[in-house]
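Below is one structure, written out as structure tokens; the observations come after it.
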Amino acid sequence: MGTRKKRERQESLWYGSELPTAPGHPFYSRLNALLEKADFDRFCEKSCAGFYHAKLGRPSLAPGLYFRIMMIGFFEGIDSERGIAWRLADSLTLRQFLSIGLDEPTPDHVTISRTRRLIGPETHQRIFTWVLERLAQGGLIKGKTIGVDSTTLEANAAMKSIVRRDNGEGYNEYLKRLAAAEGVETTDAASLRRMDRKRKKKTSNEDWVSPNDAEAEITKLKDGRTALAYKAENAVDMETGAIVAITTHGGAAADTATVEETVIEAGVAVAGLVAETTPEGNYEVHPDGIQEVVADKGYHSNDVAVALSDLEVRTYIAEPERGERNWNGKTAEKEAVYANRRRIRGERGKRLQRGRGEKIERNFAHQFDTGGMDRLWVRGLDNVHKKLLIQAAACNLALLMRSIYGVGKPRAAHDYLRKAVFAILAFIRAVEAFCPTRSACAIKVREWCPTPSHRHLLCCALQNRAV
């Protein structure tokens, strides 16, 4: 198995001026420092040792290198492993982040995909848990109140390729058979499409399946399209915004059918973090684990209210308008629903419902919009779950970096630098306004910016130009 230590090499004997160099991005330098301080590579190598042979096989990706590469997709907003491989080959900064020399080839997308398929979901879960431990040590996990929400992600399979489960018949052949039974001309593709639009139909997952990705399910996406998809469900700490658990399901799975599994996963994760302490010796994780669950009205049902009540957690689930209810023979359901109704109408319930958009929806924006995972390019539930775990781990690392350095992504670090430059310029302008002679201010600027390149940076910022 390749390790990070084995990849350390003596610097080459070439003159530095003869090779292209990059100063490196300060965000990635700080991220590497954080990971190395926590011994991330050794943990990855120990966790992945069972998947590698000591000597045999083709040269492999070191485990720590593989997980860093997968996180680059989140930090750079790249949706596919092929796109990550292209970006690695093109960036001196990312070479420096991964400790890949200029004379070394960067990993291609085949190697990255093969490594992902090789390493099991349980190991990806251990890496996600390792990041959670770092957050708990930084005081960023409280664990008392969690919010649950889900989103659908379009699968890497096309609706036009679906076939019937019973006989393997394709959709076009199925339409031709229906048209022939109704006396419609079957040789005209346009007439087939018109007939398909007019007839009452339901493309059911019980009848249809994708031959390319059998675990993807037919569902309606948030933009109204019907497609094959998967569902990602997050459990988020409502006090800090950290993702404490993530579960993956078929796209048609109802929220009421999956929320209990997600809450249990979150409860197990929080229970494992209770013993973690901050550098000051404080225990920040709630010692009794999860006490409250917050969700939107899509999660409201009698069964959910009773199930979460049996788990001894208080629910703050928004209730849809259902009119008058019949509670005959449903005493337990009535008590659970009415207790939830009382809580969501209180001040705390209203405050928690308002906080869902800030804590939960913002994580979805980071993971799936700016994080470059608005659709999937892998197939199979296990592969999708691996991608989602590493995406969530990277999102949590961004939260940790934001708490330490003030920025959680490379682009945010660049914007932070621009704001600092504008603040300096505002201070210079204020000094100039009270200065009797401008020559003194010019001398002061030359002292602060001794090189022409620095003065050029200030001038560009002053004129609001790109640096």
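Could you tell me how many of the residues in the range 352-386 are among the charged types (D, E, K, R), in a helix (DSSP H, G or I) and either more than 18 Å from Val148 (Cβ to Cβ) or at pLDDT 95 or above (or both)?
Going residue by residue through the range 352-386, those that are among the charged types (D, E, K, R) are 354, 356, 358-359, 361-362, 369, 374-375, 379, 382, 386.
Keeping just the survivors that are in a helix (DSSP H, G or I) gives 354, 356, 358-359, 361-362, 369, 382, 386.
This time we only want the ones that are either more than 18 Å from Val148 (Cβ to Cβ) or at pLDDT 95 or above (or both), so: 369, 382, 386.
Qualifying residue count for the region: 3.
Within the range 253-285, the set of residues being farther than 20 Å from Ala305 by Cα and crowded, with 18+ Cβ neighbours inside 10 Å comprises Ala269, Val270, Leu273, Glu276, Glu284, Val285.
Here is a check on your reading of the model: is Thr226 open to solvent by less than 20 Å² (accessible area, probe 1.4 Å) and of a type in the set (S, T, N, Q)? Step through it out loud before you land on a result.
Numbers: open to solvent by less than 20 Å² (accessible area, probe 1.4 Å): no; of a type in the set (S, T, N, Q): yes.
Against the criterion (open to solvent by less than 20 Å² (accessible area, probe 1.4 Å) and of a type in the set (S, T, N, Q)), Thr226 does not qualify.
The sole residue among Leu153, Leu140 that is closer than 17 Å to Asp237 by Cα, buried (at least 19 other Cβ atoms within 10 Å of the Cβ) and of a type outside the set (Ser, Thr, Tyr) is Leu140.
Condition check: within 25 Å of the chain's Cα centre (by Cα), open to solvent by 20 Å² or more (accessible area, probe 1.4 Å) and polar (S, T, N, Q). Does Asn212 satisfy that? Walk me through how you get there before you give the answer.
Values: within 25 Å of the chain's Cα centre (by Cα): yes; open to solvent by 20 Å² or more (accessible area, probe 1.4 Å): yes; polar (S, T, N, Q): yes.
Answer is yes for this residue.
Just a yes or no: is a residue in the range 222-236 closer than 30 Å to Val270 by Cβ and among the aromatic types (Phe, Trp, Tyr)? Yes, because at least one residue in the range 222-236 is closer than 30 Å to Val270 by Cβ and among the aromatic types (Phe, Trp, Tyr). Can you find, within the range 62-92, the residue that is nearest to Gln391 (Cα to Cα) among those that are among the β-branched types (Val, Ile, Thr) and touching a Phe, Trp or Tyr at 6+ places or on another chain (Cβ under 9 Å)? Of everything passing the filter in the range 62-92, Ile72 is nearest to Gln391 (Cα to Cα).
Note on the range 200-234: residues that are in contact with a His (Cβ under 9 Å, 6 or more places away or on another chain) and either without any contact (Cβ under 8 Å) to a residue 60 or more places away in the chain or assigned to a loop (DSSP other than H, G, I, E, B) (or both) total 1.
The values are calculated or read from the model by the stated rules, or taken from the named source; none is laboratory data. Just so it is clear, the model here is predicted, and its values are computed rather than measured. Methodologically, a virtual Cβ is constructed for each residue, glycine included, from the backbone with ideal geometry; neighbour enumeration extends over all protein chains shown. What goes into the accessible areas is simple: the full protein's heavy atoms, side chains included, and nothing from ligands, DNA or RNA. Shrake-Rupley method; radii C 1.70, N 1.55, O 1.52, S 1.80 Å.
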